[in-house]
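What follows is a short report on a single structure.
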Amino acid sequence: MIDPFIDFRTEPAHYRHWHLSVEGAIATLTLDVDEQGGLRPDYELKLNSYDLAVDIELADAVQRLRFEYPQVRTVVLTSARERVFCAGANIRMLASSSHAHKVNFCKFTNETRNAIEDAGSQSGQHYLCAINGTAAGGGYELALACEHILMVDDASTAVSLPELPLLAVLPGTGGLTRLVDKRKVRRDHADFFCTTEEGIRGKRALSWRLIDELAPPSKFNAAVQARAAALADQSDRPATATGVPLPRLERSLGEQRVRYTHVEAEFRRELGAVFITLHGPDHIPLTTIAGMQSQGAAWWPLALARELDDLLLHLRFNEPELGTLVFKSSGDLDRVLAYDNFLSAQAEHWLAREIILYWKRVLQRVELSARSLFALVEPGSCFAGTLLELVLGADRSFMLDGQFEGDNRPPPALMLSGLNFGPLPMVHGLTRLASRYPEAPEQAAALQAQCGVELDASAAEQARLVTFIPDDIDWEDEVRIALEERASFSPDALTGMEANLRFGGPETAQSKIFARLSAWQNWIFQRPNAVGADGALQLYGTGRRSTFDKQRV
């Protein structure tokens, strides 16, 4: 089965699987999956199981709740079905999808659940999972992403992670890591739980820390409302602020190019590369909250983040052979810096906070994509502050030392802002600046004195902000050779190398999910015990037992 073209742009009016309702400080997201609403017609989404189409809507809803509903302090996730919360990822979909789609599906669902956790810990928008029926596999993993899990105690509802015994794969959305790192479930309890098909119910689920609260059916709805209200009381989100609508992104999609308002991508298929140019703002921002809110989704930092985010997802799913992202920029350094300084100064305002947090998630999505990351700093570039993060996070960066012959523009420069020193961390908690000083991350703090100062190629190299600073004579050859060399390597080996090198230093639950799970699941999805003709994923539901290769590898 050929993977379909996937468009990540949606809105509540077009949802087929989720219902969003808002009442004061509490929003409810109700899962009611349309069985015929999958990405492909060869499977049905039974028992509230999901595919990427379902999760695209969830990701959109999570994003809209943060920007369009600043008054919402608690989000309740529940099901419209009796006795079924969610059966997890659709098994027929997994069995018939390409390897690349399965892995990217797992990665996207992980990122969506990370956004749910980020909303609670950083934005004061707390998620409560109201499990009103059995939650299996990815359904329970969705619950694990929430801050509080309340389950109905009806003698039949259970939570389970049955992927290993049923399908010979792993829970694909961080379930293993969240059990032991987030919920602090004992290792022996977690081992039993993850190898038990039928799952665990009631008081044992509560005593083993698999859930937070039980309520009998007669008191379940009241318990949900009480807990939602209690979580709302912990939030600092404004009660009367006006939200920012997120209209459908406009883009022009061609065979060799994608264009948005502020982002342009040119495909160099012979190099397996995408040249992504980020266009800076055309004016200094209005330095008032009212000015920011009046422009809404068109305000440059928010508009740029949305466009880059959509492009990254488009490339990940629809252009898998374009393995190198080459970031460029065009614009005025001082204008970019002015936006950064305004966001820093207003970081306590709910909208400024959400924009900064969104940029954090977009930059993390860049690094979690299985792509080589290059950055080119040329005359006319505007890599300042937030945009500089793309240079700092690149696997390799080139900055021109001087000018191009015949080009009267001044030599390129970089510029630091306050946002480079904490608000935009990588998934393992370090800033990209700190990651450039692996032997002493604290040395990055000394660069704060350079905020707002134009750093030429020599100064940028001395500060360890870039990799190479070729001059005009060597520029074209050095960049060309680097890209041609990259295109000649094994994409599999590059993905493994990059994932190992990018995240040196400490670990977090989030970095473990991507590093451990992504690597292991990627391997397991190719093993015959899971996907072979007699593998568990292929034979599920046929009544036949799998024939496993018993060798431990």
*asked:* As a test of reading the structure, rank Glu319, Glu266 by solvent-accessible area (1.4 Å probe, protein chains only), most first.
replied: Glu266, Glu319
*asked:* Just to make sure I understand: if all protein chains stay in place, what is the order of Ile481, Ile355 by accessible area at 1.4 Å, largest first?
replied: Ile481, Ile355
_Based on Cα coordinates alone, diagonalise the gyration tensor for the stretch 271-338, multiply each eigenvalue by 5, take square roots, and list the semi-axes in whole Å, largest first._
29, 15, 6
*Taking the C-alpha atoms of the stretch 229-303, how large are the radius of gyration and the largest Cα-Cα span, Dmax, in Å?*
18.3, 57
*Note down the Stokes-Einstein diffusion coefficient of the stretch 514-553 in µm²/s, whole number, using a Kirkwood radius over alpha carbon pairs, 4 °C, and 1.567 mPa s.*
120
*Enter the angle in degrees (range 0 to 90, nearest 10) between the Cα long axis of helix 491-502 and the first principal axis of the Cα atoms of the chain, meaning the one along which they spread out most.*
80
*Please quote Rg/Rh for the stretch 404-474 to two decimal places, taking the Kirkwood radius as Rh and restricting both calculations to Cα atoms.*
1.04
*What is the diffusion coefficient of the stretch 142-265 in µm²/s, taking the Kirkwood radius over Cα pairs and the Stokes-Einstein relation at 4 °C with a viscosity of 1.567 mPa s?*
72
*Accessible surface of the chain, 1.4 Å probe, proportion on carbon and sulfur as whole %*: 50
*Let me know the Kirkwood hydrodynamic radius for the stretch 294-369, please, with Cα pairs as the basis and the value in Å to one decimal.*
13.8
*Using only Cα atoms, find the angle between the long axis of helix 472-488 and the longest principal axis of the chain, and express it within 0 to 90 degrees, rounded to the nearest 10.*
20
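Translational diffusion coefficient, Stokes-Einstein: compute it for the chain using the Kirkwood radius over C-alpha pairs as Rh, at 25 °C and 0.890 mPa s, and state it as an integer in µm² s⁻¹.
It comes out at roughly 100 µm²/s.
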*Looking at the stretch 89-171 from every direction and averaging, what is the projected area of its Cα convex hull in nm²?*
6.1
*Just the accessible area for Asp154, please: 1.4 Å probe, Å², rounded to the nearest 10?*
40
*Which entries in Lys46/Lys512; Lys46/Lys102; Lys328/Lys360; Lys182/Lys360; Lys184/Lys360; Lys102/Lys512 show an alpha-carbon gap greater than 24 Å?*
Lys46/Lys512; Lys184/Lys360
*Report Arg16's accessible area, 1.4 Å probe, all protein chains in place, as a number in Å² to the nearest 10.*
120
*What accessible surface, in Å², does a 1.4 Å probe find on Asp477, ignoring ligands, DNA and RNA and rounding to the nearest 10?*
80
*Consider all pairwise Cα distances in the stretch 1-103 and report the whole-number % of them above 22 Å.*
34
_Compute the helix-to-body angle for 350-368: its Cα long axis versus the longest principal axis of the chain, expressed 0 to 90° and rounded to tens._
90
*Rounded to the nearest whole Å², what accessible area per residue is found for the chain with the 1.4 Å probe?*
42
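The values are calculated or read from the model by the stated rules, or taken from the named source; none is laboratory data. Keep in mind that what you see is a predicted model, and the values were worked out from it rather than measured. When the accessible area is computed, the model is the full protein with side chains, heavy atoms only, and any ligands, DNA or RNA have been set aside. Shrake-Rupley method; radii C 1.70, N 1.55, O 1.52, S 1.80 Å.
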